[in-house]
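The values are calculated or read from the model by the stated rules, or taken from the named source; none is laboratory data. Since this is a predicted model, take the numbers as computed values, not measurements. Cβ atoms come from the backbone with ideal geometry, glycine included; neighbour counts cover every protein chain shown.
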Amino acid sequence: MSLMDILAIIIPSALFFSAPLIFTALGGVFSERSGIVNIGLEGLMVVGAFTGIVFNLTFADRLGELTPWLSVLAAMIIGALFSLIHAVASITFRADQVVSGVAINFLALGGALFLVKKIYGKGQTDQISSDAVFNKIDVKFLSDIPIIGPLLFSNAYVTSYIAILVAIISWYVIYKTPFGLRLRSVGEHPLAADTMGINVSRMRYIAVMISGALGGIGGSIYALIISRDFSHATISGQGFMALAAMIFGKWHPIGALGAALFFGLAQSLSFTGQMIPGLRDLPTVYLLIAPYVLTILALTGFIGRADAPKASGTPYIKGKR
Amino acid sequence: MSEYVIEMLNIRKEFGGFVANDNITLQLKQGEIHALLGENGAGKSTLMNVLFGLYQPDGGEIRVQGEKVNISNPNIANDLGIGMVHQHFMLIDIFTVTENIILGSEPSKAGKINIKKAEEEVRALSKRYGLAVNPSAKIADISVGMQQRVEILKTLYRGAEILIFDEPTAVLTPQEIKELIQILRNLINEGKSIILITHKLKEIMEVCDRVTVIRKGKGIKTVNVSETNPNDLASLMVGREVTFKTEKISAIPGKEVLIIEDLVVKDSRNVTAVDHLNLTVHAGEILGIAGVDGNGQTELLEAITGLTKVDAGIITLNEKNITNLPPRKITEIGMAHIPQDRHKHGLVLDYPIGMNMVLQTYYKRPFSNNGILKFDVISKKARQLIEEFDVRTPDEFTIARALSGGNQQKAIIAREVDRNPELLIAAQPTRGLDVGAIEFIHRRLIEQRDHGKAVLLISFELDEIMNVSDRIAVIYEGKIVATVDPKETTEQELGLLMAGGKRTEEGVPS
Amino acid sequence: GCGTADKGKDNKENAGEGAPAEEEKGFSLAMVTDMGGIDDKSFNQLTWEGIKEFAKENNLKEGEGGYAYLQSTSDADYAPNLNKLVRSGYKLVFGVGYLVTDAISEIADQKPDAQFAIIDSVVEKPNVASLTFKEHEGSFLTGVVAGLTTKTNKIGFVGGVESPLIEKFESGFRAGVKAANPNATVEVQYAGSFTKADSGKQIAASMYASGIDIIYHASGGTGNGIFSEAKDLKTKDPNRELWVIGVDKDQALEHGNEVTLTSMVKRVDTAVQDLAKRTMEGDFPGGQVLEYGLDVDGVGIADSKENLSDEVLKAVDDWKQKIVNGDIKVPHTRAEYDKFEV
Amino acid sequence: MNNRLTNVLVPVFAVLLGIIVGAIVMLVSGFNPISGYSALLSGAFGDQYYIGETIRQVTPYILAGLAVAFAFRTGLFNIGVEGQLMVGWLAAVWVGVSFEAPKIIHLPLAILAAAFAGAIWGGIPGFLKARFKVHEVIVTIMMNYIALHVVNAIIRSVLSDQGYKSEKILASASLRSSLLQALTDYSTMHYGILVAILTALIMWYLLEKTTRGYELKAVGFNQHASKYAGMNVSQNIILSMVISGAFAGMAGAMEGLGTFENISVKSGFTGVGFDGIAVALLGGNTAFGVILAAILFGALKVGALEMPSAAGVPIELVDIVIALIIFFVASSYLIRLVLTRLKKEGK
Ligand SMILES: Nc1ncnc2c1ncn2[C@@H]1O[C@H](COP(=O)(O)OP(=O)(O)OP(=O)(O)O)[C@@H](O)[C@H]1O
Ligand SMILES: Nc1ncnc2c1ncn2[C@@H]1O[C@H](COP(=O)(O)OP(=O)(O)OP(=O)(O)O)[C@@H](O)[C@H]1O
Ligand SMILES: [Mg+2]
Ligand SMILES: [Mg+2]
């Protein structure tokens, strides 16, 4: 296979693989930038996947074309509401944020499967219909550009582009708007923010709910585009990969985007690798672990240290120093 | 319409049973600088935090321009034209000066912060009040002095008419203090009124109109500065006589304990901070290093104590070469160190004060025995030190965090002095402390000297240097530019040398 | 299927009036699932369907004295679950999947007079019947289908986690392709998991992009990703010919037949029913290994054949005959495959 | 109010609240909480057999919990227990099948091998953190996946001939005992529980009584002050992860030498490592707390298996109850408020 062929294979598949991670990692960025550690991302994705699939199965015949979009919307809303639990616990009740995050993960999986059994009388849902999913597209005009056209703009899902767009928007919001400035101030030095008349709890509530919404989207597009159903194994570790992407990206939206894309590339490279003469003779295990080893090497080699927002993990209690 | 812009009447504030403010009354006249004076932990910050809306009073009332008000949060304080420069700066390191100033009331158009406009406004303000800042610099990269000017700008940006300064000078160099005092005057001329918390009586005498003294949470008395003097104020605040000039017998210098030859150290940004520096400290003397902040003091210290790498030169302690040795080796050879930043280096704030007392010695007998800690021994030692150095804490099991900076500092000094080292390094040992505590600490340093130990004192406070040192070395741009005898020099001369001026034979500045 | 719950109900009802109790001779049976649970769309589900079918015929009620299942949430649950069922007095206890092997042989020793059956694995104990399937033979037929259907002469196989069982699918399939179409090549990949749909989708993406037009998968939930990729490529370009071959059940029923070429079905359900019947009639084949192959239709290709041309079906039947007659021996390891000649 | 009393009451209330809310969930979703919980209870403690199974489940939870807790106490977050557990399991079985030896040698050797393997797997992230400041959370997550695939590959290529599982370990390396089986009516309980409790004691002693523990905690609280005080920060970070990893590896040994007596190809994570995070946090990252939390956790998990058959309640409900308990423990501030209220009214 020529390099071009290989790229033409791995880049599109990296794009759809990364999209859910991008959304979810961005959610993590919002939450942690406001000072709330969120290792509940996994759980938020579960809730998103569950909602997306159930909504899709329930309304597909009535909503037609719009079904996938509305499924994602539903997942977004439910994700945001679900994350309120984390917000209440860790902001209002000053819970240890890691503990609360862990609880979120248990609650999400337990609750979702419990409901699936209630609703469908079995442990996993049916496959959603092919008429109610996002389709692969070639972007008009762009896909005709030589070289990058086929690589970047063909055989892709619109959600991947939305993910990248959302990453850029997030960067703008966090670094260019008053809201973003306040968000970061609350995550760095809540007392200072308070003295500047910023409502610390409110900012943190908003941030956590944004992370819930984005996590919900991430989970739903994973389920809608990749697994097409929901079961105990649909979301198994992607949330933690998103967490890794967020840290890898140094709590920065564009960084998180880059990290998520990196994971996607590494993954699809390792699978495509199995078909490249020479590499195919390697024992499979080398290719299976390659993405993770690459990540560690990348971190060690040129990413290096990253500092979390100063106040992340610590509840803000008025009048305490 | 009363003559007072602010009236705090019988303010009471408790922290879980502990009475921090016990019916304190403070009245601020339009256009005056009103000093608030009290020991560490007397309740000054608490009182001001009440006025600024960070704490809610448990009793009493607040009036602004004669109107009774309820300041339930800082927003309301801002709206009432009250601004506060906090004791522990409220700045966000990773933000720029401008971002810190506009935070919470950002000029924006189409949802985007208009950073250009903001920076212009900041420039205008800093010009008007003579508060030199670089609007686009990150807080982490600017000097403490500039950080404080940023704090002041924050309040002015919000149109504050009444400004509260909580121990603004504790962290400043003499130069910066001079500038600050000028700034305060400008502010008054611009029609502002000021409450100034400070432990430095000299400053009160210099700029303030009236002063309110509080002790252990109770209001003692309010006097016109013109009708009082430092000694009266000191005894009012401490509740006993305080001597300022710590008198001491003249030193009998012995052998050379610390010898530094051609030391070169690079700072974190890898620029030469200590530049071929030579220095010697003898047994039985206190060598004071005078200098403006940022002339290499920090790097010099870290080099001597092994916290940072030496690029060239040799450091000798007790005839042993300690250049680039790990901190523990150096400690064992006989060095103790009262660090500049007590919270960052001095203490493990989440450990009980007792455990902090053995921070460098826990692994040695009698505090531990082949790897097993001996808690009874440690507690005994801790109680002894707490007693001896009068560290105000319920017991040795209280975590260090809950102590006032003043008492935290005493604990550190107790620990370091108790190791009875050949060389004691004291960096800014009295920063932020009240005169009582300062007097106590100075006596301890001199005691060490009198036991024939070498003491290296680094301070930005000239009168501390002048008071305590037997010899003064002036550091400028990483070099020792002069060594003078405190008896034969003047603050003016030192100030000049610290600014890089030359020195003539007669010791009269040219 | 969705209706299971109600089915359960109504046969409870007619059990209530219709069949008198003594007719059941108190026979009861139960199963222990692996982590997949009774609706894993694979052998757990098939076993459960077999049990339910049998129960229906013999008017057994769900619950003690009738039929039941216990789900395992981790490998550590197999032993306790098996033990539970024996202690609740079920006459015949199924363990499903090779992962349950050790647990069964252990409990079988502890409870010598209980009767067990293990599916997909062998336990040599007097009180354990082992039901295995000649997946390689069934896979051989799907290989034949693939070999004759491919336009590009490039075919893919995707396995879940490498193991002897999946190796049977792989070897049999490759042999079938080789037999039917020597010019076709088979690309083999393992996802390293039975649950990573994203890996499945990425593998499928790269395989289809590299010109492969048929993928046979033996990778459980990972296969979902393969189907979703195939469907999306098909939706985008309806004239494009690409296929997935399903496994265990007739996956066309679940994924539709626009991309499902055929499926290699394991009639676990019928095997379970046979065994249950024999056991109820007092003819429990303890200690025996019952191998279900093409000969007894224990394995084979699925009923939905819309996508299979007559000559393909014809070829399939011929090869099936050859195998049943023993004219050719289908390899079930890579080693045997390498030696395999037609 | 009496602080010690509160500290005892808070978790108790948290558990009660969790169970109550769980009951409400059952009610609204049409199940009978009484039968649900009695099934849970009998499934966990019903008779000696179930007790045996519960103890067997508690054993690895204790060790995994200790691993997470130990790292937490020194300011590190070890999400990699899962992977460290797997390599430990592999190492233990490897030693268990490789050669014969008297039990006094063979069994300890196998456990040590597991601890050692886990220590290396945990030490790598520790080293990368200390040396390159790489965030331990990412590295440990990545190491989990690497462990999964590498362990599977070794089982197939080294411990078996392309098979799916290793040989059964030799009796001389087994933690099982006919005595325990007789006592618990053939449960899979084994002597590992003693190992786990011993390890808890060791952790407590190490952290609370020794100079090493003093250093580790100091570094966890404030690296600058520790460096100033002459401690070797990097060394302590690595050591902390090494010890944490060793505990996790021993959790693997419990599975390999006790519960399963072999190791088979895994198609996914065991989950014990992730549950360990919850156990540690529930237990307040203290050795004793971890033991209690592990018992609670193990009982819930084992008891849950009984709920579908005996009460028709889906297993997942237990995850919900667990989650709720964790929430209420975390939100102890709320409970403290309530308790102080009650006290006030009492007066
Ligand atoms: N957040 C708090 N929680 C509990 N007690 C407090 C708190 N803040 C202050 N106190 C108590 O109130 C007393 C006064 O504290 P305050 O900060 O006002 O002292 P201060 O006068 O500012 O001391 P310093 O001169 O050192 O700044 C302290 O001694 C302390 O015991
Ligand atoms: N979180 C807290 N809980 C209890 N008491 C506190 C707390 N924070 C501060 N205090 C009390 O507040 C008092 C003053 O605190 P503060 O930090 O102002 O002391 P300080 O001497 O001003 O410190 P520094 O010298 O560093 O400025 C101390 O006596 C301390 O006991
Ligand atoms: Mg103060
Ligand atoms: Mg102070």
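For D:THR184, are the conditions met, namely being crowded, with 24+ Cβ neighbours inside 10 Å and among the β-branched types (Val, Ile, Thr)? No.
Against the numbered list (1) over 18 Å from the mean Cα position of the chain (by Cα); (2) more than 16 Å from ligand 2 (Cβ to nearest atom), B:PRO352 comes up short only at (2).
Within the group A:PRO315, A:PRO309, which residue is over 18 Å from the mean Cα position of the chain (by Cα), facing chain D (nearest Cβ under 9 Å), closer than 22 Å to A:GLY101 by Cβ and not in a helix (DSSP H, G or I)?
Values: A:PRO309 fails: facing chain D (nearest Cβ under 9 Å).
Within the list A:PRO315, A:PRO309, the selection yields A:PRO315.
Results for (1) farther than 22 Å from B:PHE440 by Cα; (2) modelled with pLDDT of 90 or more; (3) touching a helix residue (DSSP H, G or I) at 6+ places or on another chain (Cβ under 9 Å), shown as yes or no for each residue.
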position: B:ASP463; (1), (2), (3): no, no, yes
position: B:SER469; (1), (2), (3): no, yes, yes
position: B:ILE472; (1), (2), (3): no, yes, yes
position: B:ILE480; (1), (2), (3): yes, yes, no
position: B:GLU506; (1), (2), (3): yes, no, no
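Selection over the stretch B:133-145 of residues that are modelled with pLDDT of 90 or more and either in a loop (DSSP other than H, G, I, E, B) or away from chain A (no Cβ under 14 Å) (or both) gives a count of 5.
Please determine whether any residue of the stretch B:358-368 is crowded, with 19+ Cβ neighbours inside 10 Å and more than 14 Å from chain D (Cβ to nearest Cβ). No: zero hits.
Restricting attention to the stretch D:169-181 and to residues that are more than 14 Å from every other protein chain (Cβ to nearest Cβ) and hydroxyl-bearing (Ser, Thr, Tyr), the residue that is surrounded by the fewest Cβ atoms within 10 Å (Cβ to Cβ) turns out to be D:SER177.
Return yes when B:ILE412 is part of a helix (DSSP H, G or I), within 16 Å of ligand 2 (Cβ to nearest atom) and among the aliphatic types (A, V, I, L, M) and no when it is not. Break it down stepwise before answering.
Details: part of a helix (DSSP H, G or I): yes; within 16 Å of ligand 2 (Cβ to nearest atom): yes; among the aliphatic types (A, V, I, L, M): yes.
Considered against the rule, which asks whether it is part of a helix (DSSP H, G or I), within 16 Å of ligand 2 (Cβ to nearest atom) and among the aliphatic types (A, V, I, L, M), B:ILE412 comes out as yes.
Only residues that are within 10 Å of another protein chain (Cβ to nearest Cβ), over 24 Å from C:GLY66 (Cα atoms) and either touching a Gly at 6+ places or on another chain (Cβ under 8 Å) or among the hydrophobic types (A, V, I, L, M, F, W, C) (or both) were counted in the stretch C:91-127, giving 3. Looking across the stretch B:34-52, the residues that are touching a helix residue (DSSP H, G or I) at 6+ places or on another chain (Cβ under 9 Å) and either more than 9 Å from chain A (Cβ to nearest Cβ) or within 12 Å of ligand 1 (Cβ to nearest atom) (or both) come down to B:ALA35, B:LEU36, B:LEU37, B:GLY38, B:GLU39, B:ASN40, B:GLY41, B:ALA42, B:LEU51.
Based on this model, can you work out whether B:ILE62 counts as in contact (Cβ under 8 Å) with a residue 24 or more places away in the chain, out of contact with any Ser or Thr (no Cβ under 6 Å at 6 or more places or on another chain) and within 14 Å of chain A (Cβ to nearest Cβ)? Write out each step before concluding.
Numbers: in contact (Cβ under 8 Å) with a residue 24 or more places away in the chain: yes; out of contact with any Ser or Thr (no Cβ under 6 Å at 6 or more places or on another chain): yes; within 14 Å of chain A (Cβ to nearest Cβ): no.
Taking the combined requirement at face value, the residue does not satisfy it.
Out of all the residues in the stretch C:201-229, which are more than 8 Å from chain A (Cβ to nearest Cβ) and either out of contact with any strand residue (DSSP E or B) (no Cβ under 9 Å at 6 or more places or on another chain) or not in a loop (DSSP other than H, G, I, E, B) (or both)? Steps first, please.
As a first pass, look at the stretch C:201-229 and keep what is more than 8 Å from chain A (Cβ to nearest Cβ): C:204, C:208, C:211-220, C:222-223, C:226, C:229.
If the condition is that a residue be more than 8 Å from chain A (Cβ to nearest Cβ) and either out of contact with any strand residue (DSSP E or B) (no Cβ under 9 Å at 6 or more places or on another chain) or not in a loop (DSSP other than H, G, I, E, B) (or both), then C:ALA204, C:TYR208, C:ILE214, C:ILE215, C:TYR216, C:HIS217, C:ALA218, C:THR222, C:GLY223, C:ILE226, C:GLU229 are the ones that fit.
Within the group B:VAL5, B:VAL85, which residue is β-branched (Val, Ile, Thr) and within 13 Å of chain A (Cβ to nearest Cβ)?
On the way: B:VAL5 fails: within 13 Å of chain A (Cβ to nearest Cβ).
Answer to the selection: B:VAL85.
Taking the criterion of being buried (at least 20 other Cβ atoms within 10 Å of the Cβ), within 16 Å of ligand 2 (Cβ to nearest atom) and either within 14 Å of another protein chain (Cβ to nearest Cβ) or in a helix (DSSP H, G or I) (or both), the residues of the stretch B:369-403 that qualify are B:ILE386, B:ALA400, B:LEU403.
Would you say B:GLU387 is within 30 Å of B:ASN231 (Cα to Cα), of a type outside the set (A, V, I, L, M) and away from ligand 3 (no atom under 16 Å from the Cβ)? Walk me through how you get there before you give the answer.
Details: within 30 Å of B:ASN231 (Cα to Cα): yes; of a type outside the set (A, V, I, L, M): yes; away from ligand 3 (no atom under 16 Å from the Cβ): yes.
Yes; evaluated as a whole, the condition is true for this residue.
Against the definition (modelled with pLDDT of 90 or more, more than 20 Å from the chain's Cα centre (by Cα) and more than 9 Å from chain D (Cβ to nearest Cβ)), how does A:LEU288 come out, yes or no? In short, no. Listed by position, the helices (runs of 4 or more DSSP H) contained in the stretch D:128-244 that have at least 2 residues being under 30 Å from A:THR300 (Cα atoms) and free of Cβ contacts under 8 Å to residues at least 24 places away in the same chain are D:136-157, D:211-221, D:223-228.
With respect to being within 16 Å of ligand 2 (Cβ to nearest atom), touching a residue at least 12 places away in the same chain (Cβ under 8 Å) and assigned by TED's automatic domain parsing to the domain that holds B:ASN49, B:PRO168 fits the description.
Can you report the number of residues in the stretch C:150-181 which are free of Cβ contacts under 8 Å to residues at least 40 places away in the same chain and not β-branched (Val, Ile, Thr)?
Residues of the stretch C:150-181 free of Cβ contacts under 8 Å to residues at least 40 places away in the same chain: C:153, C:161-162, C:177, C:181.
Those left that are additionally not β-branched (Val, Ile, Thr): C:153, C:162, C:181.
Qualifying residue count for the region: 3.
Among C:VAL244, C:VAL316, C:VAL330, which is out of contact with any Pro (no Cβ under 7 Å at 6 or more places or on another chain), at pLDDT 95 or above and in a loop (DSSP other than H, G, I, E, B)?
Numbers: C:VAL244 fails: in a loop (DSSP other than H, G, I, E, B); C:VAL316 fails: in a loop (DSSP other than H, G, I, E, B).
When all the criteria are applied, what remains is C:VAL330.
When restricted to residues that are in a strand (DSSP E or B) and surrounded by 23 or more Cβ atoms within 10 Å (Cβ to Cβ), the stretch B:316-350 contains 5. Checked against the criterion of being in a loop (DSSP other than H, G, I, E, B), under 19 Å from B:ARG215 (Cβ atoms) and in contact (Cβ under 8 Å) with a residue 60 or more places away in the chain, the stretch B:42-56 has at least one qualifying residue. If the condition is being assigned to a loop (DSSP other than H, G, I, E, B), more than 16 Å from ligand 1 (Cβ to nearest atom) and not acidic (Asp, Glu), then the stretch B:421-478 contributes B:PRO421, B:HIS451, B:GLY452, B:LYS453, B:PHE460, B:SER469, B:GLY478.
Could you tell me whether any residue of the stretch A:169-180 is polar (S, T, N, Q), touching a residue at least 24 places away in the same chain (Cβ under 8 Å) and more than 14 Å from chain D (Cβ to nearest Cβ)? Looking for residues that are polar (S, T, N, Q), touching a residue at least 24 places away in the same chain (Cβ under 8 Å) and more than 14 Å from chain D (Cβ to nearest Cβ), one finds at least one in the stretch A:169-180, hence yes.
Would you mind listing the strands (runs of 3 or more DSSP E) fully within the stretch B:249-297 where at least 1 residues are among the basic types (Lys, Arg)? Give the steps one after another, and end with the answer.
Details: elements: B:256-266, B:272-282, B:286-290.
Because the criterion is at least 1 residues that are among the basic types (Lys, Arg), the strands (runs of 3 or more DSSP E) in the stretch B:249-297 that meet it are B:256-266.
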